[in-house]
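Let me begin by presenting the structure, written as structure tokens, before commenting on it.
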Amino acid sequence: MKKEFEEEISSFVNKKLGDEIKKILSSNKGAVVIDFNDIDSYSPEVGDYILHQPEEALEDIKFYVNEATTPYKQFDIEVRLKNLPKTAQLLIREIRSKHIGRILQVTGLIKLAASVKPVADSIDFECGSCGHIIKVEQKERTQKQPTLCPNCGKKGKFKIVGKKLIDTQRILLEEAPEDLEGGAQPEHIDVILNKDLVDPKFERNIIPGNKVMVTGIVSEHPIIYPSGKRSNTSDIFLAASYLEAVEQGYEDITVTKEEEIMIKELAKDKMIYNKFRNSIGPNIFGHDNIKDAIVLQMFGGVRKVSENNTSAIRGDIHLLLVGDPGTAKSSLLKYVGNVAPKARYVVGMGSSAAGLTATIIKDEATRSYILEAGALPLTNKGLLCVDEIDKMNKDDRVAMHEALEQQTISISKANIHATLTAQTSVIAAANPKLGRFNPFDVISNQIEMPPTLINRFDLIFILKDRPDKETDKLIAKRILEANKDIDKNKADIPVQIMKKYIAFAKQHVRPIMTTDAMKAIEDFYLKLRAQYLSEGEEVRPIPISARQLEAVVRLTEASAKLRLSEYAGIEDAKRAIDLMMSYLSEVGIDKNTGEMDIDRVITGIPSSQRGAILSIKSIIKSEIDILPPGTALPIANVYEIAEKAGISKDKVDEAISVLKKEGELFEPKYGYLKLL
């Protein structure tokens, strides 16, 4: 202990921490948390001592804190430090060897969290010759043993007779997306938590995907080769002194009073919707509907949670872009990823082994299984841009059903049962399998995604590359201008102002729908449904489902948010309805009948095809019933009966193919059918 700081530290503990220590004694907590600003204002010299020799300084403060609890016979109390000055707040990528031994404050996302393990803080060894007990502090990852007995001076084997164990957990901290510049890859650092920092009450903070602020002492340990030899190269890690969760997403952005006044003035502009639309990919010509939808997605709807937290209705909007090559899908996604404050751009299987959702990996250091979060939980309360979503792996495909609707990711593997939060808006792009989109085929047959997953998206847009003299001329002009001067086509609203505007809206505006807006949406839904009511046993197409109704509500609320309005009116409802109709008229029209049919998206089988399938199934069943038991039905018989009913041979083959896929029938030999 440094003698020159004894008096200041003792005085600070007695005068400033007295009430805090009493609270700890009454609540039986394991640590006292000190704000650096308090101790620095009380004694700047002690503040400097902490910054340059943190381990010794914190031990000195801990000594006096525990001395103050001596009359109460309190157990060992830890000292935690928070709110370091700006000079001690660094990005993970800025940490260097000169910082080893210093205390720093870093912020990042928890990439993975190992399970809590007991680690020896000190071990008592007994000398085999004289029985003397030697206490050895364990500061390194490998067990340290005495070489000589200090009592008798003999070498030999020492028997372990006691251990002091502490709970320890390792987490991997990754730089937050908003701290990255351009296309920089996020850096990582290991953080070691111990004692009260791994208390069960902290469990909700230490979840992969959560954003946390960590105060810790920079330490190093040599890399150990499989042979047991130590490398000259070291790994840097943070021995955490304090950890707290940080609010995520748009809430991170601070809006000043001056900026708030500017934002409110901008919201009064009658052309505000056009200005936002023109600010999305200004170098990309056209796609106005898609840009409108992207703008509304960035604002999002209102998340509703029941009083007892048993149910919730998501407010995040999901978009899917499907189309021909060269239609600027990736460019739009890239631009959105740069505009949104908390956003990630991933391709196909994601940016890591965890992919889009989460995975379990084996921690070689502890030989235990740990949870690694993927792109969706890491962008919780943000926006995820997924290019080539049709190329994702099968595990992600299954998990995304839950992630897009329930906004959670449940994982149960290797004795780990966890539920990660994924309140993330998703904008995804996919390419048709045959290169070009075929309007006559259902969307699920053209991209490697099941209909149930496709249906989770609120809006689906088809981007087609059709030659058109006027449009081609305008596209060519825009591309050539951008190549000559990339800043030629400027956004109506600069990116930084857009971020502030969206953040302010998401922080302060929770619009409520007016009676007129609700009536307009209800009329739209009922009118569309009433046009296609079933007649008798005929299979009629369903133009819209309740899921699309909820999407219209979210889009309506987002439209009101853009105006910073507390109420979503009829104009907002009409804007949402127009976007929904553009989606349904493009994706949900059965080209064979000309009718709107949401089953093309939900099930991948249009109602017209389902009607033919049911007719063919009925014919096959009737014919098999009159045959001797075990006899197969010739397909030629089915063709003949179907032709009399006005069903073509192609329709019969199509129906049989679907029934085989669904496991309704099989072909025991070529040209013959049997029911399962």
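The values are calculated or read from the model by the stated rules, or taken from the named source; none is laboratory data. Predicted, not measured: the structure shown is a model, and the values here were computed from it. Quick reminder, even Gly has a Cβ in these numbers, built from the backbone with ideal geometry, and neighbours come from all protein chains shown.
Details
- Any hit, segment 131-140, residues being touching a Pro at 6+ places or on another chain (Cβ under 7 Å), surrounded by fewer than 19 Cβ atoms within 10 Å (Cβ to Cβ) and of a type in the set (A, V, I, L, M, F, W, C): yes
- Residue in segment 91-102 that is within 27 Å of the chain's Cα centre (by Cα), more than 30 Å from G355 (Cβ to Cβ) and modelled with pLDDT of 85 or more present: no
- Test for N205: is it at pLDDT below 85 and under 30 Å from L463 (Cα atoms): no
- Only a single item in (1) outside any loop (DSSP other than H, G, I, E, B); (2) acidic (D, E); (3) surrounded by fewer than 18 Cβ atoms within 10 Å (Cβ to Cβ) is not met by D76, and it is number (1).
- Every test in (1) of a type in the set (A, V, I, L, M); (2) at pLDDT 85 or above; (3) over 22 Å from I166 (Cβ atoms) is passed by A68 save one, and that test is (2).
- Looking only at segment 1-56, and only at residues there that are over 25 Å from V218 (Cα atoms) and of a type in the set (A, V, I, L, M), the one that is modelled with the highest pLDDT: V13
- Meets criteria (at pLDDT below 85 and surrounded by fewer than 18 Cβ atoms within 10 Å (Cβ to Cβ)) for T310: yes
- Selection from segment 626-652 of residues that are part of a loop (DSSP other than H, G, I, E, B) and either in contact (Cβ under 8 Å) with a residue 12 or more places away in the chain or in contact with a strand residue (DSSP E or B) (Cβ under 9 Å, 6 or more places away or on another chain) (or both): L627, G630, T631, A632, A645, I647
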